[in-house]
1. Select, from B:97, B:59, the only residue that is surrounded by fewer than 18 Cβ atoms within 10 Å (Cβ to Cβ), within 29 Å of residue A:50 (Cα to Cα), within 9 Å of chain A (Cβ to nearest Cβ) and touching a Leu at 6+ places or on another chain (Cβ under 8 Å).
2. Which of the residues belonging to the range B:27-47 are over 24 Å from residue B:112 (Cα atoms) and either surrounded by 14 or more Cβ atoms within 10 Å (Cβ to Cβ) or touching a Pro at 6+ places or on another chain (Cβ under 9 Å) (or both)?
3. Look at residue B:24 and say whether it is open to solvent by 60 Å² or more (accessible area, probe 1.4 Å), farther than 18 Å from residue B:4 by Cβ, among the basic types (Lys, Arg) and under 13 Å from the mean Cα position of the chain (by Cα).
4. Say we look at the range A:28-53 and pick out the residues that are assigned to a loop (DSSP other than H, G, I, E, B) and of a type in the set (Ser, Thr, Tyr); which of these is nearest to residue B:105 (Cα to Cα)?
5. Quick check: anything in the range B:91-106 touching a residue at least 12 places away in the same chain (Cβ under 8 Å) and over 22 Å from residue A:47 (Cα atoms)?
6. Can you find, within the range A:4-27, the residue that is surrounded by the fewest Cβ atoms within 10 Å (Cβ to Cβ) among those that are in a loop (DSSP other than H, G, I, E, B), β-branched (Val, Ile, Thr) and more than 14 Å from chain B (Cβ to nearest Cβ)?
7. Being in contact with a strand residue (DSSP E or B) (Cβ under 9 Å, 6 or more places away or on another chain) and at pLDDT below 95 is the filter; apply it to the range A:29-41 and report the residue that is surrounded by the fewest Cβ atoms within 10 Å (Cβ to Cβ).
8. If you take the residues of the range B:102-113 that are open to solvent by 20 Å² or more (accessible area, probe 1.4 Å) and under 15 Å from residue A:38 (Cβ atoms), which of them is farthest from the other protein chains (Cβ to nearest Cβ)?
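The values are calculated or read from the model by the stated rules, or taken from the named source; none is laboratory data. Predicted, not measured: the structure shown is a model, and the values here were computed from it. Glycine also receives a Cβ, built like all others from the backbone with ideal geometry; neighbour counts cover every protein chain displayed. Heavy atoms of the whole protein, side chains included, go into the accessibility calculation; ligands, DNA and RNA do not. Shrake-Rupley method; radii C 1.70, N 1.55, O 1.52, S 1.80 Å.
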Amino acid sequence: DAKTTQPTSMDCAEGRAANLPCNHSTISGNEYVYWYRQIHSQGPQYIIHGLKNNETNEMASLIITEDRKSSTLILPHATLRDTAVYYCIVSASNNAGNMLTFGGGTRLMVKP
Amino acid sequence: DAGVIQSPRHEVTEMGQEVTLRCKPISGHNSLFWYRQTMMRGLELLIYFNNNVPIDDSGMPEDRFSAKMPNASFSTLKIQPSEPRDSAVYFCASSPGLSNRQFFGPGTRLTVL
């Protein structure tokens, strides 16, 4: 029972920014927004996570709206290797690690 | 850092046989997770351990499935007896505990004939 809603698929031109939206209108105050991706035939890979503030790392940027009901993952210069299924997950943090509930994700196709 | 190691990478067996999947988490990680992925159901959490103790096994489909973590560097997922509907890719992941960043292994593709 995923708590997020994502588009099923998106296309992006190589070299352009890929903006992947995610709705999480029922997010609780202690829940983080996580993004993972799964390249074909591989295990999921962590990308980024955040609570309230926008976050950036070497892979992507995460923009979270002020009301925290939605977020956008930005891949600034998409490459063909970024073609994957991208999962947006909301999850609270606790001392035992946490359970991640994966939904259907967004299948991003980066095209030359 | 070798990452999470899973073995075997591929397993083909016949219905009714016992199947054992193995996982070695990243050294120092104290949480370990088993997932199953199928086209129909997507990626599902089966069970997770913290400090070698099972915390939540509500995702384990039925009594044919069992998981153990005898020490911090090894876990097994066993299916006995296996059925064709158990065919899936099984992923193991580990995390440092306080962080929810999970590191996934390459998966074991199980085919039950």
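1. B:59
2. B:28, B:29, B:30, B:31, B:32 - these are the residues of the range B:27-47 that are over 24 Å from residue B:112 (Cα atoms) and either surrounded by 14 or more Cβ atoms within 10 Å (Cβ to Cβ) or touching a Pro at 6+ places or on another chain (Cβ under 9 Å) (or both).
3. On the way: open to solvent by 60 Å² or more (accessible area, probe 1.4 Å): yes; farther than 18 Å from residue B:4 by Cβ: no; among the basic types (Lys, Arg): yes; under 13 Å from the mean Cα position of the chain (by Cα): yes.
Considered against the rule, which asks whether it is open to solvent by 60 Å² or more (accessible area, probe 1.4 Å), farther than 18 Å from residue B:4 by Cβ, among the basic types (Lys, Arg) and under 13 Å from the mean Cα position of the chain (by Cα), residue B:24 comes out as no.
4. Once the filter is applied, the top-ranked residue is A:41.
5. No, the conditions are met nowhere in the range B:91-106.
6. First, the residues of the range A:4-27 that are in a loop (DSSP other than H, G, I, E, B): A:4, A:6-8, A:14-17, A:24-27.
Then keep just the ones that are β-branched (Val, Ile, Thr); that gives A:4, A:8, A:26-27.
Adding the requirement that they be more than 14 Å from chain B (Cβ to nearest Cβ) leaves A:26-27.
Details: A:26: 10, A:27: 22.
Filtering first and then ranking leaves A:26.
7. A:40
8. First, the residues of the range B:102-113 that are open to solvent by 20 Å² or more (accessible area, probe 1.4 Å): B:103-104, B:106, B:109, B:111, B:113.
Cutting the leftovers down to under 15 Å from residue A:38 (Cβ atoms) gives us B:103-104, B:106, B:109.
Numbers: B:103: 7, B:104: 3, B:106: 6, B:109: 9 Å.
The selected residue is B:109.
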